[in-house]
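Inspection log for the structure reproduced underneath, given as structure tokens.
Read-outs: derived from the displayed coordinates by stated rules, not from any lab. Note that the coordinates shown come from a computational prediction; the quantities given were computed from them, not determined experimentally. Please note: Cβ atoms are built from the backbone with ideal geometry, for glycine as well, and neighbour counts cover all protein chains shown.
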Amino acid sequence: MRWVKALALTAGAALTAGCGTIPWLSAPDIGGGPSPAADTRRAELAFTPPKACGGNLTPEQRMYLELVYEMVKRGQYYAALAHLDQLEKKASPAPQNVYLRAEALRGIGRPDQAANLYRSLLDGCMAGYGLHGLGLLAAVGGRLAEAEDFLVRAGRERPASADVHNDLGMVLLLSGRRDAARQEFLTAAELDRKDPLPVENLIVLMLMDENPREAKQFAKHRGLTDKDLERLAQRARRLTRRSGAGDITASPVQE
């Protein structure tokens, strides 16, 4: 799911509402995302694992979890937590419940509680989701090497996740490894062609590399407007200034 998303990941794409943020990450980071399109995107659902991972949920429980998932995606974290409490009065929590609770806690700025829940997933069928969440928490804390380690491991568990590739790309970009970041953004963009996040991140990278012509051509090809391009140029300038000052993660990058 979205520094971003979430993070998006940023989510739309700024990581966590009300906390220090790094933009352009994946779900469920919905406060102040990069574009209206990002707010409406739907990342892969966390509710279709095999039976060994709680896939034997009743249709009613599955539908309930999908509704909670939508609340998390919209940034309605407190409502999501209340509904998870209600659901768990009727049945013991499946791994999907644990993951959504962790996402909601991350969204309301309770990283320690979220981290404990993400870690509880690491030995099970949703290990990739737990690693992804831990990577986003590390990134928000400015611990980029730790974030990269978690996200690389998450990618091994979920190699076809556009969110994981996008968020790893953002960490690599913030670490100054632009060529590696480009590869991750391109992979994410091809895996989920409906998700604007990796496309916007790739354009930001092009602008930081002082390739405005390439950025403009790519933006036009992907249907972005001149207004969109100017918004992304502002981001690129802010990131470039922070990078030049040696201070990329000290404080939120505001939209």
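Between V152 and L67, the contour length at 0.36 nm per residue exceeds the alpha carbon distance by 27.6 nm. Evaluated over the range 36-244, the count of Lys pairs having alpha-carbon atoms less than 25 Å apart is 10 (only pairs 8 or more residues apart or interchain). The charge dipole of the range 36-244, taken about its Cα centre with unit charges on the Cβ of Lys, Arg, Asp and Glu (plus for the first two, minus for the last two), comes to roughly 380 debye. The protection proxy used here, the mean number of other Cβ atoms lying within 10 Å of each residue, ranks peptides 118-127, 211-220 as follows, highest first: 118-127, 211-220.
Each peptide among 158-165, 173-180 gets the average number of other Cβ atoms lying within 10 Å of its residues, and from highest to lowest they stand as 158-165, 173-180.
With both labels modelled 7 Å from their Cα along Cα-to-Cβ, the E60 to E190 distance reads 4.6 nm. With a simple spin-label model that places each label point 7 Å from the Cα along the Cα-to-Cβ direction, the separation between Q217 and A91 comes to 5.3 nm. Looking only at the range 137-152, which residues have a backbone nitrogen under 13 Å from a spot 7 Å from the Cα of A180 in the C-beta direction? Residues passing the 13 Å test: 144-152. Summary value for the range 36-244: 13 percent relative contact order, contacts being C-alpha pairs under 8 angstrom separated by 6+ residues.
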